[in-house]
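Reading through the structure tokens given below for one structure.
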Amino acid sequence: MEKDPDTIVEHDLFPFIRIYKSGRLERLLGTSVVPAGTDPVTGVISKDVQINPTTGVSARLYVPPHIPSHAKLPILVYFHGGGFVIETAASPTYHNYLNSLVSNARILVVSVEYRRAPEHPLPAAYDDCWEVLAWTASDSCPDEWVSVYADLGRVYLGGDSAGGNVTHHMAVKAASQGIKIKGLILCHPWFGGSGSIGSEPEDPVKKENSLKIWPFVYPATTGLDDLFMNPMAKEERMDSVYKCEKVLVAVAQKDGLRDRGKLYYDKLNEAVLSGKWDGRVEFYEAEGEDHVFYLHNSSCDKAGEMMQMVVSFID
């Protein structure tokens, strides 16, 4: 008897996603969502705004409570992680984290809801993130929170994992389009490369994950040295970052992506030391912790340290 194609796994990208022969798609993580509104713990207020009704691209905006009249706030455009396949801007993971960040830093956040692979393979997510960034940074942004409260002289970009990857590439695009970005916050960014560096040879499983997931989310890629995956492969791809005033790179000691994040920091630090860039780069490593630990264990001491690092980095 022939097996039901709805039960035959064709692509198994555990722990993120499975695709069956019938075409059925099963996301294994990051499927829960929470509504926008007033957070009972912090008082932070959030709302969902549609950016493009054709593609469905939207954003969840956050503002702190009790904003003084005529106050202007730094603005952070945030790109969530999840390997471009799981999680959303409405995920409790990101909603809770950004409520806390907005409360502590007193900033306005635009959290991007971009389209995900495999339904919408890359570069769709990059295109969506750029559309939201351009919308936010426009002098004629139609949203009242942005137009009233945002200080467009203090625009930050930030994200974790895949969102850290996006953060870099949005900085590159912004530089080419004349949009001024004050600072970048890359938390445990997902970068890679065909050659192994640092401790990567000791952790072939995590390297294998990138080898499997990257071509799955970006079928047109040229490989792990594609500039979207390995911006350090071409010096010119880093030059655009020097248009920013400062960059924060955060890594975790046990994370398989740790050495790529450290290399990104080293490249920027070299530019500072050589006089090529007059900006500032900061580095934070959480000892004994793994990938995006602070999102899943926000009450631990290291998560508190990292939160304070991000808050102090933002004006």
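Figure legend. Inter-residue proximity from segment 146-158: first residues in contact (Cβ under 8 Å) with a residue 24 or more places away in the chain, second residues open to solvent by 60 Å² or more (accessible area, probe 1.4 Å) and of a type in the set (D, E, K, R), beta-carbon distance below 6 Å, spacing 6+ or different chains. Indicated pairs: ASP151/LYS72; ARG154/ASP315.
Checking each residue in segment 239-261 for being of a type in the set (Asp, Glu) and either at pLDDT below 95 or assigned to a helix (DSSP H, G or I) (or both) picks out ASP239, ASP255, ASP259. Considered as a group, the residues in segment 95-124 that are open to solvent by less than 10 Å² (accessible area, probe 1.4 Å) and out of contact with any helix residue (DSSP H, G or I) (no Cβ under 7 Å at 6 or more places or on another chain) include one that is nearest to PRO40 (Cα to Cα), and that residue is ASN99. Of all residues in segment 227-238, those being at pLDDT 85 or above and not in a helix (DSSP H, G or I) number 4.
Identify all residues within segment 129-173 that are among the hydrophobic types (A, V, I, L, M, F, W, C) and in contact with a helix residue (DSSP H, G or I) (Cβ under 7 Å, 6 or more places away or on another chain); write none if there are none. If you could, list the steps in order and put the result at the bottom.
Filtering segment 129-173 down to residues among the hydrophobic types (A, V, I, L, M, F, W, C) leaves 129-130, 132-135, 137, 141, 145-146, 148, 150, 152, 155, 157, 162, 166, 170-172.
Once the filter is applied, which keeps residues that are among the hydrophobic types (A, V, I, L, M, F, W, C) and in contact with a helix residue (DSSP H, G or I) (Cβ under 7 Å, 6 or more places away or on another chain), segment 129-173 yields CYS129, TRP130, LEU133, CYS141, VAL146, LEU152, VAL155, LEU157, VAL166, MET170, ALA171, VAL172.
Identify, please: which residue in segment 167-226 is aliphatic (A, V, I, L, M), assigned to a helix (DSSP H, G or I) and more than 22 Å from VAL132 (Cα to Cα) and is, among those, most open to solvent (accessible area, probe 1.4 Å)?
So in segment 167-226, the residues aliphatic (A, V, I, L, M) come out as 170-172, 174-175, 179, 181, 184-186, 197, 205, 211, 213, 217, 220, 224.
Then keep just the ones that are assigned to a helix (DSSP H, G or I); that gives 170-172, 174-175, 205, 211, 213, 217.
Now restrict to residues that are more than 22 Å from VAL132 (Cα to Cα): 205, 211, 213.
Details: VAL205: 98, LEU211: 83, ILE213: 17 Å².
Residue satisfying both the conditions and the ranking: VAL205.
Taken as a whole, the condition of being out of contact with any strand residue (DSSP E or B) (no Cβ under 6 Å at 6 or more places or on another chain), farther than 23 Å from LEU295 by Cβ and acidic (Asp, Glu) applies to ASP226.
Return yes or no: is TRP145 assigned to a helix (DSSP H, G or I), open to solvent by 10 Å² or more (accessible area, probe 1.4 Å) and in contact with a Leu (Cβ under 6 Å, 6 or more places away or on another chain)?
Numbers: assigned to a helix (DSSP H, G or I): yes; open to solvent by 10 Å² or more (accessible area, probe 1.4 Å): yes; in contact with a Leu (Cβ under 6 Å, 6 or more places away or on another chain): yes.
Spelling it out, TRP145 is indeed assigned to a helix (DSSP H, G or I), open to solvent by 10 Å² or more (accessible area, probe 1.4 Å) and in contact with a Leu (Cβ under 6 Å, 6 or more places away or on another chain).
Of all the listed residues (ILE67, ILE75), the sole one being open to solvent by less than 90 Å² (accessible area, probe 1.4 Å) and either farther than 30 Å from SER100 by Cβ or assigned to a strand (DSSP E or B) (or both) is ILE75.
Among the residues of segment 18-33, the one identified as open to solvent by 50 Å² or more (accessible area, probe 1.4 Å), part of a strand (DSSP E or B) and out of contact with any Asp or Glu (no Cβ under 8 Å at 6 or more places or on another chain) is GLU26. When SER274, SER240 are checked against the criterion of being polar (S, T, N, Q) and touching a residue at least 12 places away in the same chain (Cβ under 8 Å), a single residue qualifies: SER240. Candidates are the residues of segment 227-259 that are basic (Lys, Arg) and farther than 20 Å from ASP127 by Cα; the one that is surrounded by the most Cβ atoms within 10 Å (Cβ to Cβ) is ARG258.
Tell me, please, whether a residue that is open to solvent by 10 Å² or more (accessible area, probe 1.4 Å), among the hydrophobic types (A, V, I, L, M, F, W, C) and not in a helix (DSSP H, G or I) can be found in segment 263-280.
At the first step, the residues of segment 263-280 found to be open to solvent by 10 Å² or more (accessible area, probe 1.4 Å) are 263, 265-267, 269-270, 272-276, 278-280.
From what's left, among the hydrophobic types (A, V, I, L, M, F, W, C): 263, 272-273.
From what's left, not in a helix (DSSP H, G or I): none.
Taking every residue of segment 263-280 in turn, none turns out to be open to solvent by 10 Å² or more (accessible area, probe 1.4 Å), among the hydrophobic types (A, V, I, L, M, F, W, C) and not in a helix (DSSP H, G or I).
The values are calculated or read from the model by the stated rules, or taken from the named source; none is laboratory data. As the structure is a prediction and not an experimental result, all values here were calculated from the model. So basically every Cβ, Gly included, is an ideal-geometry build from the backbone, and we count neighbours across all protein chains shown. Protein only, heavy atoms only, side chains kept; ligands, DNA and RNA dropped before computing areas. Shrake-Rupley method; radii C 1.70, N 1.55, O 1.52, S 1.80 Å.
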